[in-house]
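The values are calculated or read from the model by the stated rules, or taken from the named source; none is laboratory data. Keep in mind that what you see is a predicted model, and the values were worked out from it rather than measured. Neighbour counts are summed over all protein chains in view; Cβ atoms, including those assigned to glycine, are modelled from backbone coordinates with ideal geometry.
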Amino acid sequence: MRRRLHLDDLRTSDASTIQVLYGDALGRPLGQLAPATLLDLLAISELDDLPKPMKRDLAAFAERISRAVADLPDGPTWDEFIAEYGAESPTRVPTTFRLLIDRESTREARSPTSRQGAVDLLSTWAGIEPQEVVLRAKATTPTVRADTAPPTGKRTRKPRKAARRAAPKPEVDPDRQEWIKKVGL
């Protein structure tokens, strides 16, 4: 079992929360992302009302994932990929990912069995619209309960401890100082 990054509740988060969470996900290869996380990020990349840096990062991510899927070899690797994403709910699969699989189903470089796997996957999603992603406008702020409010009475300070007096500087002995000058210099 491979370790995969799984980010919960991306579709229901606000843009600020997503920006904090997605940084690690965008740099990971296809095989290190949980299918649900990858589909959520692609669904969010389809939104128009994202901050510009986030829109740019997610567009680059979608392009990188498209290239990674195209680079998957035919055979067991492709079959495993199709099975994993076929197990996801069809409403969770965004249009971007559907188009990516559609492109792979007609690509000449794919073997006929791999293309058929992509066609079969597309047929399971046919007629089922992707779930719309609506980001929350703002992060929720915690509310202070009445029983945890700060006290309203006058605050008293603790009395300060008496400051320690600095030790007096030692007095300079002129005879000793003169002797040090003669011997040392």
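Residues of the stretch 52-100 that are hydroxyl-bearing (S, T, Y) and within 15 Å of L41 (Cβ to Cβ): S66, Y85, T95, T96.
Of the set (1) touching a residue at least 24 places away in the same chain (Cβ under 8 Å); (2) more than 19 Å from P130 (Cα to Cα); (3) touching a helix residue (DSSP H, G or I) at 6+ places or on another chain (Cβ under 9 Å), all apply to F97 but (2).
When you look at R11, is it of a type outside the set (V, I, T) and under 24 Å from the mean Cα position of the chain (by Cα), yes or no? Against the criterion (of a type outside the set (V, I, T) and under 24 Å from the mean Cα position of the chain (by Cα)), R11 qualifies. Taking the stretch 100-134 as the range and being touching an Asp or Glu at 6+ places or on another chain (Cβ under 9 Å), in contact (Cβ under 8 Å) with a residue 40 or more places away in the chain and either in a loop (DSSP other than H, G, I, E, B) or closer than 30 Å to T12 by Cα (or both) as the test, the residues that pass are P130, V133. Would you please name the residue that is nearest to H6 (Cα to Cα), looking only at residues in the stretch 17-75 that are touching a residue at least 40 places away in the same chain (Cβ under 8 Å) and among the polar types (S, T, N, Q)? By that ranking, first place goes to T17. Filtered by the rule that a residue be surrounded by fewer than 10 Cβ atoms within 10 Å (Cβ to Cβ), within 30 Å of A15 (Cβ to Cβ) and either at pLDDT 65 or above or touching a strand residue (DSSP E or B) at 6+ places or on another chain (Cβ under 9 Å) (or both), the stretch 139-184 gives a lone residue, T140.
Can you tell me which residue in the stretch 13-58 is modelled with the highest pLDDT, limited to those that are touching a Lys or Arg at 6+ places or on another chain (Cβ under 7 Å) and either more than 23 Å from I101 (Cβ to Cβ) or of a type in the set (D, E, K, R) (or both)? So the residue we want is D40.
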